[in-house]
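The values are calculated or read from the model by the stated rules, or taken from the named source; none is laboratory data. What you see is a predicted model; the values in this text were computed from it and never measured. Cβ sites come from the backbone with ideal geometry, for glycine too, and all protein chains shown count toward neighbours. Accessible surface areas use protein heavy atoms only, side chains included; no ligands, DNA or RNA. Shrake-Rupley method; radii C 1.70, N 1.55, O 1.52, S 1.80 Å.
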Amino acid sequence: MKIRLEQIQSATLAVILAIGAAAALLIIALSVDLLISYTFFNKSSSNRYLAIAFDGTPMIASFDLKNITEEYRTLDGQLVSDGWKIHKLGSTLLRGPAWQLNNYRGLQWNKRIEKLSPTEWYFLHDGRLQGSGYFVGYSPETKFNIGYFGRAGFRPDEPPADDRFQMDGRKLLLGEIYNIQFSDDYSRVTSLYLLADDGLYKIDLDGHSVKLLLKGTNLVSAGIYHANVSVDNQPSADTNAHGLLVRTADQVLELDFNGKLLRSHLLPQELLNSDLLWYESSATNIMIQESPKHEELYWIDTGGKIVRQEHVDLQQESTKSLAMQTLEKVAVTIAMPSFGEVAACSAVDVWDQNMRKSVAYSVALRKTLGDTWEILLSTGIISICTACLCYRRQRNYGLPWTISWTVFVLVFGVPAYVGYLFHRSWPARLPCPSCGRLAPRDRSACFACGHEFPAPIPKGIEIIA
Ligand SMILES: [Zn+2]
């Protein structure tokens with residue numbers, strides 16, 4: 001059979017109606033889901049995270065959202081009373097060299113401007129791989145330009161090419177190219193630190209000067225290090241041992257804010273490529289948390305040997321009640337009463353947020369199927385039922401394209417059936433005078449026996465043109 005324009009039009013109409021129905025169902029289901037979350041809101045959920053006491057003792061803190069309480073336990077499960085009062089050790093993120101492997105395709109203009117909040121200074125890069133950049137400042141009050149910083153220091157005009165900081169464009173993608181130092185009372189930004197291609201620079205905003213603190217073309221990352229972070233996560237001034245950490249290919253160097261080398265630590269071979277969170281409670285007590293795995297803790301000596309390693313379990317406990325899980329599944333079934341949609345989502349979105357991308361697809365798929373089989377089953381049943389209804393209707397009305405319509409409804413379920421139902425009008429069915437079957441009267445002959453229907457008996461009120 002040739003596909004006519006009319007059929008394409010009606011199929012298109014059905015698809016549009018199906019999409020509309022799917023959207024309406026989604027809105028209903030989202031409302032239901034909101035209601036569920038609201039009703040059952042975290043009756044028993046808790047968040048776990050790592051908190052390091054000032055003396056370097058790791059604790060697992062769990063925050064109970066129901067009772068708004070926080071509980072601290074040591075790694076072996078001992079309860080730490082008043083754990084929230086203990087001063088916590090700050091950490092410094094030291095990126096690994098993985099950014100050097102990034103496939104670089106240049107930068108969009110918005111990526112070339114780094115707002116160094118909360119200062120009025122911006123770092124402006126040309127976006128090139130072997131690129132360069134400079135600082136430009138604007139007064140928050142007057143909005144006027146307040147000057148520039150190039151390698152030679154402060155200047156009122158735009159730094160020329162030879163006064164700009166040479167910087168690999170890939171570093172900008174990290175968003176970690178600079179660090180900000182605050183005044184002791186934490187009210188003002190005093191300095192910026194920039195990791196350029198030729199070393200670590202200090203931009204002294206108060207003194208209007210720029211200094212190359214550490215020369216080196218092999219610096220991987222850098223960060224400001226605050227030993228003591230108080231309860232509210234602000235560096236506290238009382239015992240504020242702090243300085244700069246600079247990571248090279250195989251070492252972490254500690255500098256004071258004037259660039260004087262205080263000490264250096266060799267990194268263990270196992271951690272050379274990872275992003276690291278660095279905790280330092282004393283010169284000899286260094287703990288490293290591997291990022292983004294977050295669950296492996298290493299203690300190293302100054303020779304780069306791992307002297308202790310611990311695994312912590314920070315996975316958020318699955319504490320959703322069975323009722324909530326069931327209701328959520330019902331909500332998903334309402335949102336997507338379509339086997340095809342659910343199956344496609346399950347197959348594509350196999351890595352949930354608790355699972356790392358490193359997990360193989362087949363393993364992740366098996367887990368997803370394990371989590372969603374009830375939804376797949378219920379939507380499967382719904383889709384089969386709607387497909388049967390569609391098939392029966394096609395047969396009852398003697399319509400073409402029965403297989404295509406049935407498959408369409410089987411795959412896309414309820415929304416597709418809604419689309420199918422409303423894409424055309426359904427004429428009355430009356431018994432055929434010849435074979436007796438109910439036949440739709442939108443055509444001149446019976447669809448079952450082919451017998452021509454008799455012309456209606458004239459009533460004398462017909463208009464004959
Ligand atoms: Zn008939």
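Rounded to whole Hz and in sequence order, give me ³J(HN,Hα) for region 272-288 from the Karplus expression 6.51 cos²θ - 1.76 cosθ + 1.60, θ = phi - 60°, writing x for Gly and Pro.
4, 9, 8, 6, 10, 9, 9, 10, 9, 8, 7, 4, 10, 10, 10, 10, 10
Which ³J(HN,Hα) values in Hz, rounded to whole numbers, follow from the phi angles of region 53-62 under the Karplus curve 6.51 cos²θ - 1.76 cosθ + 1.60, where θ = phi - 60° and Gly and Pro get x?
5, 4, 7, x, 7, x, 10, 9, 9, 10
How far apart, in nm, are two points set 7 Å out from the Cα along the Cα-to-Cβ line at residue 215 and at residue 422?
Going from the residue 215 label point to the residue 422 one covers 7.5 nm.
Treating the beta-carbon of each Lys and Arg as +1 and of each Asp and Glu as -1, no other charges, what is the dipole magnitude of the chain about its Cα centre, to the nearest 20 debye?
Working: 45 positive and 48 negative charges, 544 e Å.
Computed charge dipole of the chain: roughly 2620 debye.
Kindly report the accessible area of the chain per residue (heavy atoms of protein chains, probe 1.4 Å, no ligands, DNA or RNA), in Å².
Working: 26050 Å² over 465 residues.
I get 56 Å² per residue for the chain.
Given the pairs 202/260; 115/171; 329/367; 115/260; 171/260, which span a C-alpha to C-alpha distance of over 21 angstrom in this model? Before the final figure, lay out each step's value.
Working: 202/260 12 Å; 115/171 15 Å; 329/367 16 Å; 115/260 28 Å; 171/260 25 Å.
Listed pairs above 21 Å: 115/260; 171/260.
Sort by residue number and report every cysteine in the chain with no other cysteine beta carbon within a distance under 4.7 Å.
Here 345, 385, 388, 390 come out as lacking a disulfide-compatible partner, given the Cβ-Cβ threshold of under 4.7 Å.
Out of residues 5 or more away from residue 221 or on other chains, whose amide H comes under 5 Å of its own, with H placed 1.01 Å from N in the peptide plane?
Close amide H contacts, sequence-distant or interchain: 247.
Which helices count as membrane-span-like in the chain under these terms: full DSSP H, at least 30 Å along the axis by C-alpha, Kyte-Doolittle mean of 1.6 or more? Show your work: numbers first, answer last.
Values: long enough: 5-39 (51 Å, 1.73); 361-397 (47 Å, 0.15).
Helices meeting the criterion: 5-39.
Run the numbers on the chain and let me know its relative contact order in percent, using alpha-carbon pairs under 8 Å that are six or more apart.
14
Residue 191's amide H: which non-local residues (gap 5+, or another chain) put their own amide H closer than 5 Å, with H modeled 1.01 Å from N in plane and none for Pro or chain starts?
181, 205
For a quick check: with amide H placed at 1.01 Å from N, whose amide H comes under 5 Å from residue 291's, ignoring anything fewer than 5 positions away on the same chain?
Answer set, sorted by chain and number: 275, 276, 277.
Using only the Cα atoms, work out Rg/Rh for the chain, with Rh taken as the Kirkwood radius, to two decimals.
Values: Rg = 33.9 Å, Rh = 28.5 Å.
Rg/Rh: 1.19.
Exactly which trypsin sites (Lys or Arg not before Pro) in region 417-461 are in a DSSP loop and have at most 10 other Cβ atoms within 10 Å? Could the numbers behind the result be given before it?
Details: sites: 424, 429, 437, 441, 443, 459; in loops: 424, 437, 441, 443, 459.
Listed in order of number, the matching sites are 459.
Select from 245, 30, 302 the residue farthest towards the positive end of the dipole of the chain; place +1 on Cβ of Lys and Arg, -1 on Cβ of Asp and Glu, and compute about the Cα centre.
It is 30.
Counting other Cβ atoms within 10 Å, keep those with at most 14, restrict to DSSP loop, and tell me which chymotrypsin sites (Phe, Trp or Tyr not before Pro) in region 118-157 are left. Walk me through the numbers on the way to the answer.
On the way: sites: 121, 122, 123, 134, 135, 138, 144, 148, 149, 154; in loops: 144.
Of the chymotrypsin sites (Phe, Trp or Tyr not before Pro), the ones in loops of region 118-157 whose Cβ has at most 14 other Cβ atoms within 10 Å are 144.
Residue 104 to residue 183: extension gain in nm, 0.36 nm per residue of separation minus the Cα-Cα distance?
Values: separation 79, 0.36 × 79 = 28.44 nm, distance 3.65 nm.
Taking 0.36 nm per residue and subtracting the Cα distance, the gain is 24.8 nm.
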